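Take a look at the structure below.
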Amino acid sequence: MIRSAVPPAATETISYGMPAFRYKEVLVWFAAFSDHCSLFPTASVIEAYKKELQGFYTSKGTIHFPTDKPLPAALIKKLVKARVAQVEGKKR
């Protein structure tokens, strides 16, 4: 799902010991744990989609969800596309 929402030039990498997608900078990190999975799209993206994330545990930069209740695919794509737009909008 993440791959379909990032630019074609984005690469998969390891950052902070977790899998991530990089395009100009790290876009999002993701990880699986014994009792949940996490997506790390940055705090500002989580804040922007706070209403759509109701029902999922969020902290400053992390969305936790149980393995039996995944994030909806459309929501993952929205979060990733928002992060891409954020990175594209930064002045270099």
| note | Pairing a residue in region 72-86 that is among the β-branched types (Val, Ile, Thr) with any residue that is in a helix (DSSP H, G or I), where Cβ atoms lie under 6 Å and the two sit 6 or more apart in sequence or on different chains, gives VAL80/ILE2; VAL80/ALA5
| message | Can you say whether ILE14 is more than 13 Å from the chain's Cα centre (by Cα) and β-branched (Val, Ile, Thr), as far as the supplied structure shows? | response | yes
| Residue satisfying condition, being within 12 Å of the chain's Cα centre (by Cα) and surrounded by fewer than 12 Cβ atoms within 10 Å (Cβ to Cβ), within set ALA20, ALA73 | ALA73
| One residue from LYS81, LYS69, LYS51, LYS60 being closer than 18 Å to GLU25 by Cα and out of contact with any Ser or Thr (no Cβ under 8 Å at 6 or more places or on another chain) | LYS81
| said: Take the residues in region 46-71 that are touching a residue at least 24 places away in the same chain (Cβ under 8 Å) and in a strand (DSSP E or B); name whichever of them is nearest to VAL6 (Cα to Cα). | reply: ILE63
| request: Kindly provide the set of residues from region 44-86 that are β-branched (Val, Ile, Thr) and at pLDDT 95 or above, ordered by number. | output: VAL45, ILE46, THR58, THR62, ILE63, ILE76, VAL80, VAL84
| message | Please determine whether any residue of region 50-62 is within 12 Å of LEU79 (Cα to Cα) and surrounded by fewer than 11 Cβ atoms within 10 Å (Cβ to Cβ). | response | yes
| task | Kindly provide the set of residues from region 7-29 that are in contact with a Pro (Cβ under 6 Å, 6 or more places away or on another chain) and either without any contact (Cβ under 8 Å) to a residue 60 or more places away in the chain or acidic (Asp, Glu) (or both), ordered by number. | result | VAL28
| query | Regarding ALA31, is this residue in contact with a Cys (Cβ under 9 Å, 6 or more places away or on another chain) and at pLDDT 95 or above? | reply | yes
| Among the residues of region 31-45, is any in contact (Cβ under 8 Å) with a residue 12 or more places away in the chain, buried (at least 17 other Cβ atoms within 10 Å of the Cβ), touching a Leu at 6+ places or on another chain (Cβ under 7 Å) and outside any strand (DSSP E or B)? | yes
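The values are calculated or read from the model by the stated rules, or taken from the named source; none is laboratory data. Note that the structure is a prediction, hence the values are computed from the model and not measured. Positions of Cβ are generated from backbone atoms using ideal geometry, with glycine treated the same way; all protein chains shown enter the neighbour counts.
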